[in-house]
Amino acid sequence: MDIQAAMTEMGRSARAAARVLASSSVERRNEALLQIRAAIAADRDAILAANERDLEQGRESGLEAALLDRLALTPAQLDVLEEGLSQVAALPDPIGAVSDMRKMPSGIDVGTMRVPLGVIGMIYESRPNVTIEAASLCLKAGNAVILRGGSEAIHCNKRLGDSLAAGLSAAGLPVEAAQVVPVVDRAAVGALLTMPAYIDMVVPRGGKGLIERVAAESKVPVLAHLDGICHVYVDADADRDKAHRIAFNAKTQRYGTCNTMETLLVARAQAEMLPGLVTALQAEGVEVRGCEACRQVAPDITVDAIEADWSTEYLAPILSVKMVDDVDEAMSHIARYGSNHTESIVTENARTAERFLREVDSGSVMHNVSTRFADGFEYGLGAEIGISTGKLHARGPVGLEGLTSRKYIVKGDGHTRQ
């Protein structure tokens, strides 16, 4: 197969489909989402069987536990996908919304209108749920999407692609509006990155190697994050029971996700809570790595935290713990080692919390909340196309608005410039 030619044809047909989507009614796009949901519901057994086939191949090839966790698609996760489609369908139409109309001294009226970006290229690893989440958001926002999942999820992704095509066709929209790349050849990624005539934005989701490759090779604008080095800081004024629950959940609720806590920062005034928390984490199977001060307080910590730990995204049952003097030292540590993804402070001091929320420079900054809530579904976006740690265009969980641009709308009545 000529990969470049095949990808070029996918891009050309996606561009044509994007023009149809941009002019379609929100009712038609919502109907497509609901029809996709119905297609998934009707094909659940086959989708789960395809996922199990991928998992079997992953286990045989020696995939790490964190990657297998991301690859798995359970019946409960299918339920979430179906609910996400309904949520996205229920969201307001982002396209054509006019805002900030104002009368200028010249007499003209000026405002902005939300418009689709055009064609989105999704490049992702493992998680087959991304196939549906990304497609639902792109379609709702009037964008066509080309979905290039990892080779480890090819069978499930192709099956989900069938559901996308069935739903679009049932709603009278072109099936080329959401296409799954049917080959695992890495050349398909290279082709996707070098088609600015057909692709308007690339969104990579996966490991550091993938993100770095996309950022280095893409001739198309990229919306991405490199790492999810998330922190929870337990402040001197924290409620200890609350801090215990939040830290435990932020680490153990799921290990292989980008919003899982990787470093716990504890104020010296809260040192007494460490032994109990460490015991609970270790009972859950978490390896705790601590600084010298932490190990003195909690002798069950037998692994030294080294410099590299502070800048490592484990995606595994491993946690680094550091003792800090106060919120200033905690924020300095986050600024030095964090990845601008998600940070949370646990405190009952409203003033300290406001400082943390205002001064910490990350896509999501939280107060008395587990970092695991940094998620488009939990934020009411229905789903997310990714979590951006950059500062331009969109930041944090990216939903519908992040998949649109704007144009200026100018109205007058025969006005000419003097």
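What the table below lists for this structure:
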| read-out | value |
| --- | --- |
| Within-10-Å neighbourhood charge of Asp237 [Cβ basis; K, R +1; D, E -1] | -2 |
| Stretchable slack from Ser405 to Glu60, in nm (0.36 nm times residue separation minus alpha-carbon distance) | 119.8 nm |
| GNM top mover of Ala166, Ala247, Ala280 - the chain, alpha-carbon springs below 10 Å | Ala280 |
| 0 to 90° range, to nearest 10: angle between helix 129-140 axis and the chain longest Cα axis | 50 |
| Rounded tilt (10° steps) of 26-42 against the dominant C-alpha axis of the chain | 60 |
| Charge context of Glu82, other residues only, Cβ under 10 angstrom, K/R +1, D/E -1 | 0 |
| Difference of contour (0.36 nm per residue) and Cα-Cα distance, Ala283 to Ala308 | 6.5 nm |
| FRET efficiency, 1/(1 + (r/R0)^6) with R0 51 Å, evaluated for Val98 and Asp239 via beta carbons | 0.65 |
| Calculated FRET efficiency for the pair Lys219/Gln418, C-beta based, R₀ 30 Å, to 0.05 | 0.10 |
| Stretchable slack from Val184 to His393, in nm (0.36 nm times residue separation minus alpha-carbon distance) | 72.2 nm |
| Considering only region 1-153, percent of DSSP beta bridges that pair antiparallel, nearest 5 | 45 |
| Cβ charges +1 (Lys, Arg) and -1 (Asp, Glu), total dipole of region 230-373, debye | 380 |
| Charge dipole of region 1-118 about the Cα centre (unit charges at C-beta), most positive-ward option of Ala16, Leu91, Thr112 | Thr112 |
| Hits among lysines - C-alpha to C-alpha of Lys411 under 17 Å, sequence gap 8 or more where chains match | Lys103 |
| Relative contact order (percent, whole number), the chain, Cα cutoff 8 Å, 6+ residue spacing | 19 |
| Dipole magnitude of the chain, debye to nearest 20 (Cβ charges: Lys/Arg +1, Asp/Glu -1, about Cα centre) | 1680 |
| Whole-Hz ³J(HN,Hα) from phi, Karplus 6.51 cos²θ - 1.76 cosθ + 1.60, for region 353-361, glycine and proline x | 4, 5, 4, 4, 4, 7, 9, 6, 9 |
| Three semi-axes of the equivalent ellipsoid, region 148-253, Cα gyration tensor, whole Å, largest first | 37, 20, 14 |
| Prolate/oblate/rounded label for region 230-373 (Cα gyration tensor, a/c 1.5) | rounded |
| Around Leu264: net Lys/Arg minus Asp/Glu count, Cβ-Cβ under 11 Å | +2 |
| Rounded, prolate or oblate (a/c below 1.5 giving rounded, otherwise prolate when a/b exceeds b/c) for the chain by Cα gyration tensor | oblate |
| Crossing angle, helix 3-22 versus the chain [Cα axis fit, 0-90 degrees, rounded to tens] | 80 |
| Selected from Asp162, Asp109, Asp79 as most flexible by GNM, with the chain as the system and alpha-carbon contacts under 10 Å | Asp109 |
| Candidates Met331, Met113, Met323: whichever shows maximal mean-square fluctuation once the chain is modelled as a Gaussian network with Cα springs under 10 Å | Met113 |
| Karplus-derived HN-Hα couplings along region 91-103 (A = 6.51, B = -1.76, C = 1.60, θ = phi - 60°), whole Hz, x at Gly and Pro | 6, x, 5, x, 8, x, 5, 9, 9, 6, 5, 8, 7 |
| Of Val303, Ser362, Cys291, farthest towards positive along the dipole that unit charges on Lys, Arg, Asp, Glu beta carbons give region 230-373 | Ser362 |
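Where a number appears in this text, it was derived from the coordinates with a stated rule and is not lab data. None of the values given here were measured: they were computed from a predicted structure. Here the Cβ is made from the backbone with ideal geometry for all residues, glycine too, and neighbour counts use every protein chain on show.
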